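*Asks:* Take a look at this one; I'll ask things after.
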Amino acid sequence: MLGQLFALLTAFCWAQNSVFYSIAGKRVSSGTVTHIRLWIALPAIIIVHFIFLGSILPDIGSWRSLGFLFTSGLVGFFIADIFIFYGFVAIGPGRTLLILTLSPILSSIFSFLFVGETLNSAQIIGIIVTVAGVLLVIYNENRISKMDSHKMKGIIFALIGTIGQAAGMILAKIGMEGVHPISANLIRITAGLTGLVIFALLRRSFIDDFRKMKDRKALALISVSAIIGPVLGIILTLYAFQLAPVGIVTTLNQISPVILLPIEAVFMGRKLNPGILLGTLTAVGGAVLLFLF
């Protein structure tokens, strides 16, 4: 039961993170949030690593593992998150998390293509159901408010981020062989921050990103989310995989969009349109079907 509890707590972590990042991104820009959060997450994960493993340096296992984990961090914490965080601001946390429901499905497809894991008929049905749920939400969003270029860009970016997140998880799965989950997370966060620093320097926004932290509310939101998401959430997920079946853990991780429905209604004033509610539940149901069989 401890593994299931960790997985459920992870879903709450993702739901909380998406709301906080969305609010902070509207105040200081999504790019700034993506960059600054890992400056906070890195020292936090180093402290956690020292407490649990007695060292500030990760156990890299083999150079092969290091290469896969570092690449996973670049893809997941750098490339994918740039697109995902834009989605948080452009289309809101609920719709972005819903699109991210496709991530484990894409991971299954990538696993089949690159790792040799096969899909059964129930899992294929799960893919179809989840995609149908996401399309239903997008359709109802367009009915409620006309889909302008900003929202369409947000949907496309969230989809690109979802693909990147799935690719990052497959690379992490390959690289984690013989590596402690906390060490793996430290390597991935370090890689993500490296990519974001180079990106910020090329954009000439490095200093400006830190100047924007004069906004104390944005800084507080980013700080809390950096601890809860990249540090606590990822560690909970990795430990959950060790304590409970993968199917149950992944299924519980996919309920974040459902958790967000009342949160958005209460704190962000979003009306629960029946079509959007149906699409969200359909998409999550598809993810459940995919990983229960």
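The values are calculated or read from the model by the stated rules, or taken from the named source; none is laboratory data. Keep in mind that this is a model prediction, so the values were computed, not measured. Counting neighbours? That spans all protein chains shown, and the Cβs are built from the backbone with ideal geometry, glycine included.
*Asks:* So the check is Cβ under 6 Å with 6+ separation or different chains; which pairs have a first residue in the stretch 18-31 that's farther than 14 Å from Val224 by Cβ and a second one that's among the basic types (Lys, Arg) and assigned to a helix (DSSP H, G or I)?
*Replies:* Val28/Lys212
*Asks:* With respect to Ser225, is the statement that it is modelled with pLDDT of 90 or more and either in a loop (DSSP other than H, G, I, E, B) or in contact with a Lys or Arg (Cβ under 7 Å, 6 or more places away or on another chain) (or both) true?
*Replies:* Criteria met by Ser225.
*Asks:* Run down Ile40, Ile36 and say which single residue is more than 16 Å from the chain's Cα centre (by Cα), of a type in the set (A, V, I, L, M, F, W, C) and crowded, with 20+ Cβ neighbours inside 10 Å.
*Replies:* Ile36
*Asks:* Going by the structure shown, is Ile189 in a helix (DSSP H, G or I) and free of Cβ contacts under 8 Å to residues at least 12 places away in the same chain?
*Replies:* Against the criterion (in a helix (DSSP H, G or I) and free of Cβ contacts under 8 Å to residues at least 12 places away in the same chain), Ile189 does not qualify.
*Asks:* OK, next. Is there any pair linking a residue in the stretch 96-108 that is outside any helix (DSSP H, G or I) to one that is modelled with pLDDT of 75 or more and of a type outside the set (S, T, N, Q), with Cβ under 6 Å and at least six apart or on different chains, and which?
*Replies:* So the pair list comes out as Thr101/Ala283.
*Asks:* Among the residues in the stretch 49-61, are any of a type in the set (Gly, Ala, Ser), at pLDDT 90 or above and farther than 16 Å from Phe210 by Cα?
*Replies:* Among the residues of the stretch 49-61, at least one is of a type in the set (Gly, Ala, Ser), at pLDDT 90 or above and farther than 16 Å from Phe210 by Cα, which makes the answer yes.
*Asks:* Restrict the check to the stretch 202-211 and report whether at least one residue is aliphatic (A, V, I, L, M), in contact (Cβ under 8 Å) with a residue 60 or more places away in the chain and part of a helix (DSSP H, G or I).
*Replies:* no
Yes/no matrix, rows are residues, columns are (1) modelled with pLDDT under 75; (2) surrounded by fewer than 19 Cβ atoms within 10 Å (Cβ to Cβ); (3) farther than 20 Å from Gly126 by Cα:
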residue: Val231; (1), (2), (3): no, no, yes
residue: Thr237; (1), (2), (3): no, no, yes
residue: Ala240; (1), (2), (3): no, no, yes
residue: Val249; (1), (2), (3): yes, no, no
residue: Ala265; (1), (2), (3): yes, yes, yes
residue: Leu272; (1), (2), (3): yes, yes, yes
residue: Leu277; (1), (2), (3): no, yes, no
residue: Thr280; (1), (2), (3): no, no, no
residue: Leu292; (1), (2), (3): yes, yes, no
